[in-house]
Amino acid sequence: MIVFKVNGHESSYVPENHRWNLVWADEFDGSVLDRTKWDYRLHMMGTRHMAWEEDGVILDGNSNAVFRIFEKDGRIVSSQLQTGYNYMDAPLPAQKYGSGLYWNIGKLRENLHTWKYGYFECRCRTQQKPGWWTAFWIQSPIIGASLDPALTGSEIDVMESFSPGKINGHNVFTGGYGQDSLREKVGGVEGLSTEEYHRFGVLWDETGYTFYIDGVEDGKITECKTARPEFILISTEVHG
């Protein structure tokens with residue numbers, strides 16, 4: 001890995017033997033989230049998710065987006081940020097069409113930003129208390145719409161932590177989330193400091209997915225390869 005420095009911000013670790021150009025980044029400068037880059041994920045499979053809200057991300061003025069867990073209207077909630085939309089999440093309309101037929105998909109939205117191939121990295125601290133989890137991942141807007149991941153994409157889990165200090169193995173899902181779902185898994189680490197910032201990255205190219213933690217390779221997956229432009233998410237979620 002080599003160090004990649006941009007505009008005086010914290011450096012990134014990028015794989016060697018490539019020529020890199022920065023095509024998109026958010027350093028979370030200022031005090032207001034850039035809504036041209038991010039939207040909040042509030043629905044899942046057409047239904048409003050009662051544990052996801054828009055109030056859970058604060059920019060601290062030091063180039064950090066701080067995710068928090070809090071109580072709202074008697075519910076324990078947090079937030080998920082995304083640069084695109086999965087078509088299955090779209091809220092379903094209340095009415096049916098005049099013919100009686102019902103297309104069980106809500107109104108679709110244009111993605112903010114999607115990419116095909118490249119190196120994706122998030123510099124972050126994970127959660128310090130039990131009871132919720134954190135993740136940095138990539139998802140196709142139309143995952144599961146066919147059995148061919150090259151056409152309809154895969155989910156790429158770069159970092160997922162269900163308990164403080166433990167990074168789960170990196171997953172790649174394809175075929176959607178039902179009976180046709182397929183998963184490959186590699187790597188993972190325990191005992192990672194929750195007080196320090198870490199860099200979680202994936203090199204996604206035609207050969208598959210190579211995962212990195214703090215610049216050290218943590219496994220490679222060569223199955224479920226996708227050539228579909230996908231969007232990224234930084235998310236938190238409450239257990240239960």
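Normalised by 2.2 N^0.38 Å, where N is the number of residues, the alpha-carbon radius of gyration of region 1-128 equals 1.34. According to the Cα-based calculation, Rg over Rh for region 170-240 is 0.99, with Rh computed by the Kirkwood formula.
Averaging Cα coordinates gives a centre for region 1-66 and one for region 202-239; these two points are 16 Å apart. Local charge sum around W38 (other residues, Cβ-Cβ under 12 Å, Lys/Arg +1, Asp/Glu -1)? Residues near W38 contribute -1 overall. The tail of the calculated P(r) for region 45-102, taken as Cα-Cα distances beyond 17 Å, holds 57 percent of the pairs.
By the helix-only formula, in which each DSSP H run with n ≥ 4 contributes -39500 (n - 2.57) and the sum is divided by residues, the chain has a 222 nm mean residue ellipticity of 0 deg cm²/dmol. Placing unit charges on the Cβ atoms of the charged side chains and taking the dipole of region 1-133 about its Cα centre, the candidate lying farthest along the positive direction among T114, S11, P93 is P93. Fully extending the segment from R183 to E54 would add 43.4 nm, taking 0.36 nm per residue of separation and subtracting the current Cα-Cα distance.
Rounded to the nearest 0.05, the FRET efficiency derived from the C-beta distance between E10 and S163 at R0 = 30 Å is 0.70. What the Cα convex hull of the chain gives, in volume per residue, is 145 Å³. Cβ-Cβ distance of S146 and A25, R₀ of 30 Å, FRET efficiency by 1/(1 + (r/R0)^6): the value works out to about 0.40. A Förster distance of 35 Å, applied to the separation of the beta-carbon atoms of V216 and L92, puts the FRET efficiency at 0.20.
Sparsely packed loop sites in region 179-239 (the GluC sites (Glu not before Pro) outside DSSP H, G, I, E and B with at most 15 other Cβ atoms within 10 Å) comprise E190, E195, E196, E206, E223. Compared with the alpha-carbon gap, the fully stretched path from E110 to I2 is longer by 35.4 nm at 0.36 nm per residue.
When the solvent-accessible area of the chain is split by element, carbon and sulfur atoms take up 50 percent of it, the probe being 1.4 Å. For the pair S63 and L192, the difference between a 0.36 nm per residue extended length and the Cα-Cα distance amounts to 44.2 nm.
What the chain shows is 53 Å² of accessible area per residue, with the surface traced by a 1.4 Å probe over protein heavy atoms. With +1 on each Lys and Arg Cβ and -1 on each Asp and Glu Cβ, and nothing else charged, work out how big the dipole of region 10-168 is about its Cα centre, in Debye to the nearest 20. Dipole size: approximately 400 debye.
Counted over region 1-73 with a bin width of 5 Å, the fraction of Cα pairs per bin, in whole percents, is 3, 12, 17, 17, 16, 13, 10, 8, 3, 1, 0.
The values are calculated or read from the model by the stated rules, or taken from the named source; none is laboratory data. Quick caveat: nothing in here was measured; it's all calculated off a predicted structure. For neighbour counting, all protein chains shown are included, and Cβ atoms are generated from backbone atoms with ideal geometry for every residue, glycine included. What goes into the accessible areas is simple: the full protein's heavy atoms, side chains included, and nothing from ligands, DNA or RNA. Shrake-Rupley method; radii C 1.70, N 1.55, O 1.52, S 1.80 Å.
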